[in-house]
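The values are calculated or read from the model by the stated rules, or taken from the named source; none is laboratory data. The structure displayed is predicted, hence computed values, not measured ones. All Cβ positions, even for glycine, are placed from backbone atoms using ideal geometry, and neighbour counts span all protein chains on display.
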Amino acid sequence: MTTSTASIRASKRDLVTEVPGPRSRTMMERRGATVARGVGCAVPAFIEAAGPGLLHDVDGNTLIDLGSGLGVTSVGNPAPEVVAAVHEQVASLTHTCFLATPYEGYVAVCEELARLTPGDHPKRSVLLSTGAEAVENAVKIARAATGRTAIVALDHAYHGRTNLALALTAKNAPYKQNFGPFVPDIHRIPTSYPYRDPKGMTGREAAARAVEALERQVGAENVAAVVVEPIQGEGGMIVPAAGFLTELTDWCGRNGVLLVADEIQSGFCRTGAWFASNHEGVVPDLVITAKALAGGLPLSGVTGRAEFMDAVQPGGFGGTFGGNPVACAAALAAIRTMRERDLPAKARRIGEILTARLTAIAAVHPEVGEVRGRGAMMGAEIVHPDTGLPDAESADRLARACQEAGVVLLTVGTYGNVLRFLPSLVMPEDLLGDALDVLEDCCARLFG
Ligand SMILES: *Cc1c(COP(=O)(O)O)cnc(C)c1O
């Protein structure tokens, strides 16, 4: 095993080689010779340790992390509370399989999910390991609870990489290309994408457009569930116009359709509330969680109205690893940290900083077509200023320039042209400011 020569690690952005450095490049060669090429890589710097808002690579470089491992390490990386809980749990009980013999941690996580997710109705939860697996189970629940089969997803949706989740996911390449056919009876309807919708379209109008497509193409009486991301992540950090989610939720309620909120990315304090649904007072029938739930360990869940959840027969849920004791211990510690450090407030503060700085950049560079998001879930859409058309190439060059300067900034979106800001919620403000200085410099260099 190769170890770094950097014995003392920097607590700020610090480059001692180019990025990627020589050790990373050697590891990239090993990677290329053995890891399947279908496994993507946004930044070819191998990471060996992390700190608050920071990633330390094998060449001794310290990078500012604006991605948090895709919105996972909200409470820190590593968060001391999570580390302690994991150490203690792994040393006393590593695994039993909850279906074989239960343990308290699983139940305690379900209690927290019942407390924290929107709505004060009786709730039940099932725990799984990945986001996509939870999405699959939400579909099972909706079908069992309604006796209907059709599932409706939105334009620009992302729900994961298993076959059913891919059927729900909108974007073809690279996610779906060559992998079909997909699960049948999945239908796609328009969403609310204010930046690209007709000027002035309200949330209510966008919801009417969605419902019209749904009723005409699928038929309300056939629909088991409408699956939404309250803020679309992979689709491009898209915040629907106010009223869109509430209208859709009301329509679901009137038509016996389950409203399923995929809060995998937007949940657990990311947007400045415990869940993005909270911003509009939406109470989903089912809420799907994963990513930040367990502070970096793999854990996901579906939480919903007891009568719907319990429509699934005993034994209808399961999986060897779902709700693993170590992941549950990590989740309990992560949730405690979110509460004690009031991470929703931290996310709001990060959102204020990001909005102010990005808006100032957009005022100088019309290539930044829109700045949007909530809390620490923000995007900046890069466009050709004359036409407003998506400019993925410039977004890519900008992200690469930031990476080379020591800032891990990723791109996202149906058109691949959105800069994505998902910093840790414990990101120190001076680091965030430095990262945004780098972005500002890169914009000046690229756009003039
Ligand atoms: C990441 C993500 C998923 C998939 O989660 P995995 O753990 O990668 O399977 C599903 N939905 C949304 C909204 C996500 O952001």
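Assorted remarks:
- Residues satisfying the criterion are absent from segment 244-257 (criterion: hydroxyl-bearing (Ser, Thr, Tyr) and within 11 Å of the ligand (Cβ to nearest atom)).
- Scanning segment 123-139 for residues that are of a type in the set (A, V, I, L, M) and assigned to a helix (DSSP H, G or I) gives Ala132, Ala134, Val135, Ala138, Val139.
- When segment 68-107 is filtered for residues that are touching a Cys at 6+ places or on another chain (Cβ under 7 Å) and assigned to a helix (DSSP H, G or I), the ones remaining, listed by number, are Gly105, Tyr106.
- Residues in segment 402-429 that are touching a Cys at 6+ places or on another chain (Cβ under 9 Å) and within 22 Å of Ala334 (Cβ to Cβ): Val408, Leu425.
- Residue within segment 177-189 that is within 18 Å of the chain's Cα centre (by Cα) and of a type outside the set (Phe, Trp, Tyr) present: no
- The test for being part of a loop (DSSP other than H, G, I, E, B), within 21 Å of Gly105 (Cα to Cα) and away from the ligand (no atom under 13 Å from the Cβ) holds for Pro314.
- Options Ser125, Ser92, Ser129; residue that is more than 12 Å from the ligand (Cβ to nearest atom) and either buried (at least 18 other Cβ atoms within 10 Å of the Cβ) or modelled with pLDDT under 95 (or both): Ser125
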